[in-house]
1. Just one of Pro12, Pro69 is open to solvent by less than 30 Å² (accessible area, probe 1.4 Å), in a loop (DSSP other than H, G, I, E, B) and modelled with pLDDT under 85; which is it?
2. Kindly check whether there is at least one residue in segment 201-223 that is surrounded by fewer than 19 Cβ atoms within 10 Å (Cβ to Cβ) and β-branched (Val, Ile, Thr).
3. So, of the residues in segment 230-249 that are in contact with a Phe, Trp or Tyr (Cβ under 6 Å, 6 or more places away or on another chain) and farther than 30 Å from Asp270 by Cβ, which turns out to be most open to solvent (accessible area, probe 1.4 Å)?
4. Pairs, please: C-beta under 6 Å, at least 6 apart or cross-chain, first residue free of Cβ contacts under 8 Å to residues at least 60 places away in the same chain and in segment 177-188, second not small (Gly, Ala, Ser)?
5. Which of the residues belonging to segment 248-265 are without any contact (Cβ under 8 Å) to a residue 60 or more places away in the chain and basic (Lys, Arg)?
6. Going by what's in this entry, would Leu219 be described as touching a His at 6+ places or on another chain (Cβ under 7 Å) and more than 30 Å from Ala67 (Cα to Cα)?
7. Gly153 - would you say it is surrounded by fewer than 20 Cβ atoms within 10 Å (Cβ to Cβ) and within 25 Å of the chain's Cα centre (by Cα)?
8. Of all residues in segment 107-128, how many are open to solvent by less than 60 Å² (accessible area, probe 1.4 Å) and either more than 20 Å from Phe174 (Cα to Cα) or not hydrophobic (A, V, I, L, M, F, W, C) (or both)?
Amino acid sequence: MHSRVGPRSHGPCVGRSLESLAMKRTILGALLVAAAVQGMAYAEEGWKFSLTPYLWLPNINGTLKYAIPPGGGARPEVDTGPNNYLENLSFALMLAGEARKGRWSAFTDLIYLDFDSEASAVKAVNFGGDRVSTTLNSSTRSSLTGVAWTFGGGYTVVEGPKHRLDLLGGVRYFGLKASSDWQLGAVVSGPNGQTFAQSGSISQREDLWDVIVGLRGRLKLGDAWFAPYYLDVGTGSSALTAQALLGAGYAFKWGEIVGTYRYVLYDMGDDKLLQDIRFAGPAVGATFRF
């Protein structure tokens, strides 16, 4: 984790390049795991494999509580979102995979999101424990880049003609880079003569590893229609993380088309970057079975 504060700059940033490289390595690692699972599916008789590229269009809502930077006297608390779907989404990559044999399964899910210039607001400035609310915002923007990678295993506890239910356990990694630029209407003053700059920028990165448990299943609604659902909760680097999904799908001979609504929550301790950050929105994907 690190933070930066100072005057706004639009030039090249070596730190951003290094963080982008780290995220690309994480994505590559996730894809290699997916490839390994696929290889296992082909190598072991009885395994069935599926691959699901999909598109998720979430809004972001919550609070970013930045750390006090070196040489700085205060930490800004920034509210972000919600914003319209696709308004600030610069790039997205989503891919899920599953290998299944009998009642046992292995799964992985990779999400990369890049939100640029999210509308936000500096709602408060914390001067070392003394919190000063501010309504002086004239222009505040935030950008977020994140990789979420979930992987684990499951066991089918209910399997019937109309319903299947799996219990799950696994790990979720979330790497997030958050940056905010602000232009306030005036300098913010603290109770002991401290001041917070009228304009500036700050960035911070978090890398979170959480153990998750949950369930997933599907209800058959007819010959081809079905309703998938998913729920998990976890903790570790986060005080709480949770994910929920509900949707409808149609099955073909080659696979399935699925539309869902997906919700992801991250909440850390009071002194950490992520304060009740929520991603929520519709998703659509195609599942190919091998």
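The values are calculated or read from the model by the stated rules, or taken from the named source; none is laboratory data. Computed from a predicted structure; not experimentally measured. Neighbour counts are summed over all protein chains in view; Cβ atoms, including those assigned to glycine, are modelled from backbone coordinates with ideal geometry. Protein only, heavy atoms only, side chains kept; ligands, DNA and RNA dropped before computing areas. Shrake-Rupley method; radii C 1.70, N 1.55, O 1.52, S 1.80 Å.
1. It is Pro69.
2. Checked segment 201-223: at least one residue is surrounded by fewer than 19 Cβ atoms within 10 Å (Cβ to Cβ) and β-branched (Val, Ile, Thr).
3. Looking at the filtered set, the residue picked out is Leu246.
4. If the second residue must be not small (Gly, Ala, Ser), the pairs left are Gly185/Leu136; Ala186/Leu136; Val187/Thr195; Val187/Gln198.
5. Lys253
6. Yes.
7. When the stated conditions are applied, Gly153 passes them.
8. Total satisfying the criteria: 14.
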